[in-house]
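Contents: one structure, followed by commentary.
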Amino acid sequence: MSIRVVLADDQPLVRSGLRVIMADHPDLEVVGEAATGAEAVRVAAEVAPDVVVMDIRMPGMDGIEATRLISATRSGTRVLVLTTFDEDAHVYGALRAGASGFVVKDMELDDILAAVRVVAGGDALIAPGVTRRLIADFAARPEAAVPRRPTRPVEGITEREREVLTLIGRGRSNTEIADELFISVATAKSHVSRLLTKLDARDRVQLVITAYELGLVSPTG
């Protein structure tokens, strides 16, 4: 079964380049394209792709609002944000809107394709270095000066789970969490799974957001 992808970007060259590259990979199939956020929402509803590769800056409806609308349908379509992180201050907003991760346009194409596969597989893509910058970017905004209370329940979190959540917020992988807490990788995965359930989080990205909102992590780590 191939991964069905919609490409949403207002730059035709970007869409064309990704389409050509994906054509060489039998597990990836481009089933639609969009040049605006509104088109992305419409195309996603029509073809029900596995993944929408979504640019943020597009005319009219931007990628953040499009991501929010697509995620709200609970159709199973996941959004992978495609952006130029150094110039875009809205990545956090896109993740809060329901995106399962993001890639930067100057990344290697193989890494972008790998990200599509990761997101299609139900996981979230957020690199440790990018996590720190993401948190720092959000914390620098005026509305983030006072930590907000989390919107999801946090009752029932054990001390160990709080430690795991803190490390997730710092961008640690399951293997790194296991190493730092002197537990097995399987145990680390179990803690992550329980956190997803207890916090009603869809994926690891939302756990990172929760860790910040709880004050477990800060821009300085």
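Are any of the residues in segment 102-109 touching a strand residue (DSSP E or B) at 6+ places or on another chain (Cβ under 9 Å), closer than 14 Å to V208 by Cβ, part of a helix (DSSP H, G or I) and at pLDDT 55 or above? No, segment 102-109 contains no residue that is touching a strand residue (DSSP E or B) at 6+ places or on another chain (Cβ under 9 Å), closer than 14 Å to V208 by Cβ, part of a helix (DSSP H, G or I) and at pLDDT 55 or above. Residue pairs whose Cβ atoms lie under 6 Å apart, sitting 6 or more positions apart in sequence or on different chains, and linking a residue in segment 63-74 that is in contact (Cβ under 8 Å) with a residue 60 or more places away in the chain to a partner that is outside any helix (DSSP H, G or I), do not occur here. Scanning segment 35-55 for any residue that is on the phi > 0 side of the Ramachandran plot and of a type in the set (A, V, I, L, M) turns up at least one such residue. If you check V118 against the conditions, is it exposed (fewer than 15 other Cβ atoms within 10 Å of the Cβ), part of a helix (DSSP H, G or I) and without any contact (Cβ under 8 Å) to a residue 24 or more places away in the chain? No, not satisfied.
Screening the candidates R4, R78, R42 for the property of being over 21 Å from Q206 (Cβ atoms) and either aliphatic (A, V, I, L, M) or under 19 Å from the mean Cα position of the chain (by Cα) (or both) yields one hit, R4.
Picking from residues in segment 74-101 that are at pLDDT below 80 and basic (K, R), the one that is nearest to V5 (Cα to Cα) is R74.
Residues considered: V53, V5, V81. Of these, the only one that is under 19 Å from A120 (Cβ atoms), in contact with a Phe, Trp or Tyr (Cβ under 8 Å, 6 or more places away or on another chain) and in contact (Cβ under 8 Å) with a residue 12 or more places away in the chain is V81.
Entry remark, segment 1-17: residues being in contact with a helix residue (DSSP H, G or I) (Cβ under 6 Å, 6 or more places away or on another chain) and not small (G, A, S) number 4 in total. The criterion of at least 1 residues that are within 18 Å of the chain's Cα centre (by Cα) and farther than 30 Å from R74 by Cβ is met by none of the helices (runs of 4 or more DSSP H) falling completely within segment 173-215.
Matching residues to (1) in a helix (DSSP H, G or I); (2) touching a His at 6+ places or on another chain (Cβ under 9 Å); (3) surrounded by fewer than 22 Cβ atoms within 10 Å (Cβ to Cβ):
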residue	(1), (2), (3)
V5	no, no, no
H25	no, no, yes
R42	yes, no, yes
P49	no, no, no
L69	yes, no, yes
G76	no, no, yes
L82	no, no, no
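Kindly indicate which of V5, V41 is modelled with pLDDT of 95 or more and within 16 Å of A115 (Cβ to Cβ). None of the other options fit; the residue is V5.
The values are calculated or read from the model by the stated rules, or taken from the named source; none is laboratory data. Everything numeric in this text was worked out from a predicted model, so none of it was measured. FYI the Cβ positions are ideal-geometry reconstructions off the backbone, even for glycines, and counts take in every protein chain you see.
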